[in-house]
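**Q** The structure is given below, and queries will be raised subsequently.
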Amino acid sequence: HADTAMYLAKERGKNNYQFYDAQLMGVSTRKMQLEHAMRRAMQQEQFTLQYQPQVELGKGELVGIEALLRWHHPELGYISPMEFIPLAEETGLIVPLGRWVLEQACRQNKAWQDAGYRAVPIAVNVSVRQMKEEDFVAMVQEVLQQTGLEACYLELEITESIMQKKERSAGILNQLRKAGIRLSIDDFGTGYSSLSILKYLPVDTIKIDKSFIDDIADPGDQGVMVKTMIDMGMNLKFRVIAEGIELQGQADFLLRHGCRIGQGYLYSRPLTARELELYMQK
Ligand code: C2E
Ligand code: MG
Ligand code: MG
Ligand code: MG
């Protein structure tokens, strides 16, 4: 937006710098509005979770569930996590919000198990900002205890940005793993130091980012990155998951090259808890 505005301003002459200012204001006003609204949103129960199935690519069998945060504001409408999570990280609100997500996801997964659905792990996204908290590991264990969910049915998704503090991060991840919690690297391949990261981080699973799955049909790429990541992941004994699978051709390609688990609109969009129950009944 700002770039376009600047361009227009240059094109039309000096007076239009006013327009440029207004555009900038627009961005920061929205940001302030959202920051303010987010603080109330927790008390007013505007946040919910959706659940996306992770499936065995060949049979379509459910092997896991990813919990995804949703925010519906009464006036502003639906706001994407891509927009509000960075703000929540900036303001620190991700700490209480992330705890709420964890509690909700663990409680729901336990309820499904108690209701007789097949037990699968639930994956919860965790921001680096949350892991910077002194008591992060204790907090996670407390939530497991409160909700009664066994540690092996919780998976935490972290991103490569965790590598900013290698030693401390590896320490925390080791503690989580010792507690029996599963760990995965989300959006794998999009951060920095993608390869060396695998030597330091005690994770079980890598999730190949959607952008690489999109490349499978690209004549200039033909999935060469995906093949390489699957190979490397398997050689290093990681579970490999593909995210953002939309086409049968992508699933076929992944299976042919040894990736057996994935998630994406081809199988299911993220669902409400009730919708996932219907999905599991089929
Ligand atoms: P992510 O963890 O990589 O989640 C995958 C995103 O891809 C989700 O977007 C999901 O709805 C979307 N997706 C799944 N399959 C497909 C597909 O086949 N095609 C397309 N086009 N998209 C697909 P969503 O829910 O908008 O979340 C965006 C990001 O926001 C997440 O990316 C994650 O980084 C973050 N996020 C969501 N919930 C939380 C949370 O509770 N805590 C934190 N820290 N971050 C969260
Ligand atoms: Mg994720
Ligand atoms: Mg991802
Ligand atoms: Mg992503």
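The values are calculated or read from the model by the stated rules, or taken from the named source; none is laboratory data. Given the structure is predicted, the values throughout are model-derived calculations rather than measurements. Here the Cβ positions follow ideal geometry from the backbone for every residue, glycine too, while neighbour counts run over all protein chains shown.
**Q** Can you confirm whether E83 is of a type in the set (D, E, K, R), within 16 Å of ligand 4 (Cβ to nearest atom) and in contact with a Lys or Arg (Cβ under 6 Å, 6 or more places away or on another chain)?
**A** Answer is no for this residue.
**Q** Restricted to the stretch 226-255, and to residues that are acidic (D, E) and within 16 Å of ligand 4 (Cβ to nearest atom), which residue is surrounded by the most Cβ atoms within 10 Å (Cβ to Cβ)?
**A** E243
**Q** Then there is this: So V124 passes all but one of these: (1) within 16 Å of ligand 2 (Cβ to nearest atom); (2) crowded, with 21+ Cβ neighbours inside 10 Å; (3) part of a helix (DSSP H, G or I). Which condition number does it fail?
**A** Against the list (1) within 16 Å of ligand 2 (Cβ to nearest atom); (2) crowded, with 21+ Cβ neighbours inside 10 Å; (3) part of a helix (DSSP H, G or I), V124 comes up short only on (3).
**Q** Give the residue, chosen from I213, I241, that is at pLDDT 95 or above and closer than 19 Å to A67 by Cα.
**A** Result: I241 is the single residue among I213, I241 that is at pLDDT 95 or above and closer than 19 Å to A67 by Cα.
**Q** On to the next question. When you check D114 against the structure, is it over 17 Å from the mean Cα position of the chain (by Cα), within 16 Å of L176 (Cα to Cα) and among the acidic types (D, E), yes or no?
**A** It is false that D114 is over 17 Å from the mean Cα position of the chain (by Cα), within 16 Å of L176 (Cα to Cα) and among the acidic types (D, E).
**Q** Of everything in the stretch 131-153, what is outside any helix (DSSP H, G or I), at pLDDT 95 or above and not acidic (D, E)? Give them in sequence order.
**A** G148, L149
**Q** Moving on to the next point. Could you grab me the full set of residues in the stretch 91-120 that are touching a residue at least 60 places away in the same chain (Cβ under 8 Å) and either within 16 Å of ligand 3 (Cβ to nearest atom) or on the phi > 0 side of the Ramachandran plot (or both)?
**A** The answer is none; no residue qualifies.
**Q** Can you give me the ranges of the helices (runs of 4 or more DSSP H) entirely in the stretch 170-282 with at least 2 residues that are away from ligand 1 (no atom under 13 Å from the Cβ)?
**A** Ranges flagged: 197-200, 224-235, 248-256, 273-281.
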